[in-house]
1. Relative to the Cα centre, what is the charge dipole magnitude of the chain, using +1 at the beta carbon of each Lys and Arg, -1 at the beta carbon of each Asp and Glu, and rounding to the nearest 20 debye?
2. For the pair residue 65/residue 13, report the inter-label distance in nm, with labels modelled 7 Å from Cα in the Cβ direction.
3. Within the chain, which is the longest segment containing none of the trypsin sites (Lys or Arg not before Pro) that sit in a DSSP loop and have at most 13 other Cβ atoms within 10 Å?
4. How far apart, in nm, are two points set 7 Å out from the Cα along the Cα-to-Cβ line at residue 139 and at residue 104?
5. Round to the nearest 0.05 the FRET efficiency obtained for residue 50 and residue 23 when R0 = 22 Å and r is the Cβ-Cβ distance.
6. How many lysine pairs are close in the chain, with Cα atoms under 22 Å apart and the two 8 or more places apart or on different chains?
7. What range in the chain is the longest one free of GluC sites (Glu not before Pro) that are in a loop by DSSP and have at most 14 other Cβ atoms within 10 angstrom?
8. Assuming R0 = 22 Å, can you tell me the calculated FRET efficiency for the pair residue 89 and residue 127, based on Cβ-Cβ distance, to the nearest 0.05?
Amino acid sequence: MEQKERIIKKYASRRLYDTFDSEYIAFKELQNLITNGIPLKIIDAKTKEDVTHSVIVSLVLENTDLLSQFSDEFLKNVISLYGKGQQQRELFGVYFQQSLMVLINTQSKFTDSANVDALAYVTELGKQHQKLSENFMNELLKLGKQT
């Protein structure tokens, strides 16, 4: 059975109110809801505007354990995209999202089974990532020919 989307109200003080449980929650609890796949929408309590994206971005930025997984070079390259064209930034976003989905889907496929074959997992992940990388490079080449 599909869960109903939870509404979280965000107040100016950065406090979050979970309307489902009728209680204030911390960012850590919001992170747990997201990790557990609970569908949610975060709205500004005053303006009623959907602020889900900006709150999740804040959550990612405040998670230093997550960000420490990225090298300085990677983060510099992400920042360097600011000076690139809109198409290149969008292409990177699509590539990054699809790469993450390949990882999640492949990982869940192998961790759901009782007998996890690490070599098969890595091989499958490599194949899917190679296809994704080839598509990414082809799109970059198309962009290069347009300019």
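1. So the dipole magnitude of the chain works out to roughly 500 debye.
2. 2.8 nm
3. Answer from the scan: 85-147.
4. A separation of 1.7 nm, rounded to one decimal place.
5. Details: r = 21 Å, r/R0 = 0.97.
Approximately 0.55, to the nearest 0.05.
6. 19
7. Working: sites that count: 2, 5, 49.
So the longest stretch without any such site is 50-147.
8. 0.20
Bear in mind that the values in this text are calculations on the coordinates, not laboratory data. Please read all numbers here as calculations on a predicted model, not as lab measurements. As a convention, Cβ positions derive from the backbone with ideal geometry for all residues, glycine included, and neighbour counts pool all protein chains shown.
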